[in-house]
1. Let me confirm something: among 105, 109, 183, 100, which residue is closer than 24 Å to residue 10 by Cα and more than 16 Å from ligand 1 (Cβ to nearest atom)?
2. Among (1) open to solvent by less than 10 Å² (accessible area, probe 1.4 Å); (2) in contact with a strand residue (DSSP E or B) (Cβ under 6 Å, 6 or more places away or on another chain); (3) more than 28 Å from residue 73 (Cα to Cα), where does residue 133 come up short?
3. So, in segment 152-183, of the ones that are farther than 19 Å from residue 214 by Cα and surrounded by 20 or more Cβ atoms within 10 Å (Cβ to Cβ), which residue ends up farthest from ligand 2 (Cβ to nearest atom)?
4. For residues in segment 136-161 being touching a Gly at 6+ places or on another chain (Cβ under 6 Å) and not acidic (Asp, Glu), which is farthest from residue 178 (Cα to Cα)?
5. Based on what the data block shows, is residue 129 closer than 21 Å to residue 53 by Cα and free of Cβ contacts under 8 Å to residues at least 12 places away in the same chain?
6. Would you mention how many residues in segment 184-214 are in a loop (DSSP other than H, G, I, E, B) and open to solvent by 70 Å² or more (accessible area, probe 1.4 Å)?
7. With respect to residue 72, determine if the residue is in contact (Cβ under 8 Å) with a residue 24 or more places away in the chain, among the basic types (Lys, Arg) and out of contact with any Asp or Glu (no Cβ under 9 Å at 6 or more places or on another chain).
Amino acid sequence: MALIYHFRLSKSNAFLLMGDKPILIDSGSPGDLPMLEKKLKKAGVMLEEIELLILTHAHFDHAGNAEAIRKRSNCKIAAHQAERNFLENGKNAAIKPCTMIATLMNPFMNIPFAATEVGIVVKDSFDLHPHGADAQIVSTPGHTSGSISVVTAGKEAIVGDLIGSGLLLGLFFPDRPRHHYWMENMNEVRASLKRLFAREIFKIHVGHGGPLNGMRAQNFFE
Ligand SMILES: [Zn+2]
Ligand SMILES: [Zn+2]
């Protein structure tokens, strides 16, 4: 069974999925690398040992250190085909605000990051068994059109920014589910949530704040 380690970075979370080999999910914002490396070390993993880096989507606060990690560890980067172009050009996918706060913050959100190489292009789903984890990548569009999630056999999900939490990106009340402040397509978010909850997920790890109780989140969104 794959263990999940939750790393809080400056603006977002990254996760270590520990099966037979270390898999990193998201990489934080530009500047977060020393912090991430320290937290990995505490979990017993050297940055160089990362075998696979999964990017939930092409936003600077998740993909910010992807290229630096790829260079150091020679890992493969997995991302959805709809995000590939953004990642390979160091550009953010759509940043569409859905609340007043997000609209006010939007001019400060388009931060560039180092362009990287996507070695594994995900479409609908991708089995992680060959990478040593009893888990699967699934397509969960909505926050951006190429957003993906990782679902483990133990019924935990790492969903990136498909779901938000608490107030001010999970700074307060991080265990309260909410819609994210930015969503490219609300209908797609709803459809992705429906497919996710059909898997009876008991714990949800989000890109900011969290984790969330699966049942509580399901009740909130349904
Ligand atoms: Zn995002
Ligand atoms: Zn984010």
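The values are calculated or read from the model by the stated rules, or taken from the named source; none is laboratory data. Since the structure is predicted, the reported quantities are computational estimates derived from the model, not experimental observations. Positions of Cβ are generated from backbone atoms using ideal geometry, with glycine treated the same way; all protein chains shown enter the neighbour counts. Ligands, DNA and RNA are excluded from the accessible area calculation, which covers all protein heavy atoms including side chains. Shrake-Rupley method; radii C 1.70, N 1.55, O 1.52, S 1.80 Å.
1. 100
2. Single failed check for residue 133: (3).
3. Once the filter is applied, the top-ranked residue is 183.
4. It comes out as 147.
5. Criteria met by residue 129.
6. Result for segment 184-214: 4.
7. Judged against the criteria, residue 72 is not a match.
Listed here are the residues, each with its yes/no results for (1) within 17 Å of the chain's Cα centre (by Cα); (2) among the aliphatic types (A, V, I, L, M); (3) not in a loop (DSSP other than H, G, I, E, B).
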position: 56; (1), (2), (3): yes, no, no
position: 69; (1), (2), (3): yes, yes, yes
position: 77; (1), (2), (3): yes, yes, yes
position: 89; (1), (2), (3): no, no, no
position: 93; (1), (2), (3): yes, yes, no
position: 103; (1), (2), (3): no, no, yes
position: 110; (1), (2), (3): no, no, no
position: 137; (1), (2), (3): yes, yes, yes
